[in-house]
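Participant: I am attaching a structure below and will ask some questions about it afterwards.
The values are calculated or read from the model by the stated rules, or taken from the named source; none is laboratory data. Since this is a predicted model, take the numbers as computed values, not measurements. Here the Cβ is made from the backbone with ideal geometry for all residues, glycine too, and neighbour counts use every protein chain on show. Each accessible area value is taken on the protein alone, full model and side chains, heavy atoms only, with ligands, DNA and RNA left out. Shrake-Rupley method; radii C 1.70, N 1.55, O 1.52, S 1.80 Å.
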Amino acid sequence: MEVKSALLGSSIVKKYWMALTGLFLCTFLVVHLGGNLILLKGEDARLSFNAYAKFMTTFPLIKAVSYLLYFSILFHAFDGIVLTLQNRAARPVKYYFNKPEANSTWASRNMALLGTVILIFIVGHMSNFWYKMHFGDIPMDANGNKDLYEVVVTFFKDPSLGIVYVAFYVLCMVALGFHLVHGFASSFQTLGLYHKKYNALIKNLGLVFSVLVPLLFAIIPIFIYIQ
């Protein structure tokens, strides 16, 4: 029992889990982005996007992985909160001369804030699209698949709130970018995969990933709104 308690209470173990779940979620981002980019085909994307959505929600292996995804999101968020509280408890009194910007980035000092913004986005995103795809009464397309394309387009082209939804989506993608720019490289470092021979490669790969993926996600609602 003592060993188990020490293991669960170890901040090092929590950091390992943060790194593993974070990298798994990065993989999901790439897969999810690949499917969402279909929307950039405009009206021609309707049938193919709906077919993609049906596959992602009905294929047995994908459904099994999706449960792992939901767990990873919740665990990653919970683990981040616990680590933040532990770090604050370990240093209840701030140093008199404290200049954190001298040896850390803004993103690394605000991972909890960025993570909270992203979590709020995920909850809203799932309620507006995931929930409707699974449980909503939405029309069928010409191929007999649920017309999720129409749901997405209608959401972002709403006459009164469409621009607000697009702006919020883009803002959350900016938060995601900052979250990734620190989290990507630090995950490799936590797992012991950070070495002077390829530190620069990991850092540059993380920077490209942190800019390109959120940027492409942000382009999609903008394109839908202005098309």
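Participant: If I filter the range 38-53 for residues that are surrounded by 17 or more Cβ atoms within 10 Å (Cβ to Cβ), of a type in the set (S, T, N, Q) and either at pLDDT below 80 or closer than 20 Å to ASN143 by Cβ (or both), do I get at least one hit?
Facilitator: yes
Participant: Take the residues in the range 160-206 that are within 15 Å of ILE222 (Cβ to Cβ), touching a residue at least 24 places away in the same chain (Cβ under 8 Å) and open to solvent by less than 80 Å² (accessible area, probe 1.4 Å), then tell me which one is farthest from the chain's Cα centre (by Cα).
Facilitator: Taking the candidates together, the pick is GLY162.
Participant: Give me the residue from the range 11-37 that is open to solvent by less than 50 Å² (accessible area, probe 1.4 Å) and aliphatic (A, V, I, L, M) and, out of that set, farthest from PHE71 (Cα to Cα).
Facilitator: Selected residue: LEU33.
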